[in-house]
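Below you'll find the structure, written out as structure tokens, and then a few comments.
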Amino acid sequence: MEATEGYEEKINEKNINIWCKNDGSEFTKLFFVLKSRYAFDGNIDPTEMVELLNDKRKDWDANLESQDEMHKINSEISIIHYIAKSPMMFVQARDSVEKRIQFSQDGVHYTYCSSIPSETCPPLEQYQRCETIYTAAVIKKEKDQCIYSICYQIDYKVLNK
């Protein structure tokens, strides 16, 4: 997750790094790839961070309208339907249906998401169906910091359908 070869550095500050790969990924060249690393100082437990990003996201994410677990396959795999307002005026409000795989090993938390077709949850009329090509995230403790690293590729549909 830390390798940044082929990425252009966009932000390099004390506790945040963001890189962009404009020519896409091996999955598709149509959309850019973002990679971020956030370092949270203090005694934040990685398990708490996982909970904040998943179960408590609606508490802090003003753009998230809903996050519903449509189907739980087992303790690590579930199907999630997200509905979000647009965070920027040139990006449409969107919904997505994703397969989410989460597991922990040796105190490190891993998450992988990708969109899946859903006949039981067709795109909503007033939203643009967002396709997550992939999201890969790692949350771990390093010294006195909780590190959240994420790499994702999403079809950022803009303006009208």
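Using only side-chain charges placed at the Cβ, +1 for Lys and Arg and -1 for Asp and Glu, the dipole size of the chain relative to its Cα centre rounds to 320 debye.
Shown for S96, S75, S104: other C-beta atoms within 10 Å of each C-beta, ranked fewest to most, produce the order S75, S104, S96.
The fraction of all Cα pairs in the range 8-154 landing in successive 5 Å bins from 0 to the largest distance is 2, 9, 15, 20, 22, 18, 10, 4, 1, 0, given as whole percents.
Simple spin-label estimate for E5 and D61 gives 3.2 nm between the two label positions (7 Å along the Cα-to-Cβ direction from each Cα). Going from the residue with the fewest nearby Cβ atoms within 10 Å to the one with the most, T132, T47 rank T47, T132. As a proxy for reagent exposure, ranking F103, F40 by other Cβ atoms within 10 Å from fewest up yields F103, F40.
At full extension, E26 and N54 could sit 7.3 nm farther apart than now, given 0.36 nm per residue minus the alpha carbon distance. Here the contact order of the range 8-154, divided by its residue count and restricted to Cα pairs under 8 Å and six or more residues apart, works out to 23 percent.
Taking the Cα centroid of the range 60-102 and of the range 120-157, what is the distance between the two, rounded to the nearest whole Å? The distance from the Cα centre of the range 60-102 to that of the range 120-157 comes to 9 Å.
On the basis of the beta-carbon distance and an R0 of 22 Å, E142 and Q105 show a calculated FRET efficiency of 0.90.
Here's how it looks for N54: its modeled amide H is under 5 Å from none belonging to a residue 5 or more places away or on a different chain. The modelled label-to-label distance for the pair M70/N12, using points 7 Å beyond Cα in the direction of Cβ, is 4.2 nm. Our estimate of slack between D41 and C121, defined as 0.36 nm per intervening residue step minus the Cα-Cα distance, is 24.8 nm.
Read-outs: derived from the displayed coordinates by stated rules, not from any lab. A quick note: this is a predicted structure, and the numbers were derived from the prediction, not measured. Glycine also receives a Cβ, built like all others from the backbone with ideal geometry; neighbour counts cover every protein chain displayed.
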